[in-house]
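Peer 1: Mind looking over this structure? Questions follow.
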């Protein structure tokens, strides 16, 4: 089964790359099955078995997700967008768009709203499947540690008070109707104006989505000896007044100072565990006595966690000036 999960991952990767390059000719089951060396029948059966979707339905939904972002973010004519993504006519595109999102492309352009996009399926993940690293490669990139001031913004998110870590977060979320990973990430992918959106559609993380931990008396203990709630969401401009999807919360985040622990790009299959260990050690060993800061444990402060192997691994933790150090030390005793 692991072998076929890898094969289907190749297909989903190829689908996104072809859609991104407007290469509709390569987006056929025949071409993709040929690349894997299997029949169309066998490939489509395995695709449905592993992803839970028919190949043609997944392909259509991914095309529409890319197209919606172009409608949202560009001035390109809707007819041209329809042709770019393989639709034969404006009418065919409008019909598919409305059947999927409930509004026409022109209405959506004039009134962007939160809709559930079909995010890229990731059927093969070594760590989720418990396979660990595949080689002896160890990351040689050093971890940068620095302080920053982040301007005021908003955080749109969904929270879980019972989870412990990324995978556990989604396992528990997937048990909640309307709050599963596909729905949450699909809504967030459609939000316009995300501060961390790199414009990509290859992975969830490249479209501005991040994990976070909110310091909260109703949460649980973290490594600083304080309580926290695990969250997943997007940062938005301070003047954001758009819609809030069902089950989501929108929080105002004031301008404040943070400490950043940052690792550069790395090979996920080869180095993920090694990089994680380096990051944890760097945060545990950091000596605040050599700085003008101490951790800020104020309820409501947010710890951001950015994870994208292509861009890097980053923890952003709230701090405050050393003038409050005595009060901080008393709390930790």
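Since every read-out is calculated from the coordinates, none of them should be taken as a lab result. Only a predicted model underlies this, so the values are computations on that prediction, with no experimental measurement involved. Backbone-built Cβ (ideal geometry, glycine too); neighbour counts: all protein chains shown.
Peer 1: Could you tell me the relative contact order of the range 144-332? Use alpha-carbon pairs under 8 Å, at least six residues apart, and round to a whole percent.
Peer 2: Once normalised by length, the contact order is 28 percent.
Peer 1: Could you pull out which residues in the range 273-296 have an amide N less than 14 Å from a spot 7 Å beyond the Cα of residue 322, following the Cα-Cβ vector?
Peer 2: 287-295
Peer 1: Could you give the semi-axes, largest first, of the ellipsoid that matches the range 2-110, computed as the square roots of 5 times the alpha carbon gyration tensor eigenvalues and rounded to whole Å?
Peer 2: 28, 13, 12
Peer 1: Need the full-extension length gain, residue 83 to residue 113, defined as separation in residues times 0.36 nm minus the C-alpha distance. One decimal, nm. All intermediate terms of the calculation are to be shown ahead of the outcome.
Peer 2: On the way: separation 30, 0.36 × 30 = 10.80 nm, distance 2.34 nm.
Extending this stretch completely gives an extra 8.5 nm.
Peer 1: I want to check the label-to-label distance for residue 144 and residue 182. Put each point 7 Å from Cα in the C-beta direction and report it in nm to one decimal.
Peer 2: That separation, rounded to one decimal, is 3.8 nm.
Peer 1: As a footprinting exposure proxy, order 115, 243 by other Cβ within 10 Å, with the fewest listed first.
Peer 2: 243, 115
Peer 1: Measuring from label point to label point, each 7 Å out along Cα→Cβ, what is the residue 74 to residue 6 span in nm?
Peer 2: Those two pseudo-labels are separated by 3.5 nm.
Peer 1: Distance from the Cα centre of the range 1-40 to that of the range 276-299, in angstrom?
Peer 2: Comparing the Cα centres of the range 1-40 and the range 276-299, I get a distance of 44 Å.
Peer 1: Also: log10 I(q)/I(0), Debye, Cα-only the range 144-332, no solvent, q = 0.13, 0.14, 0.18 Å⁻¹?
Peer 2: -0.71, -0.83, -1.40
Peer 1: A follow-up question, please. Determine by what factor the alpha-carbon radius of gyration of the range 235-277 differs from 2.2 N^0.38 Å, reporting the quotient.
Peer 2: 1.84
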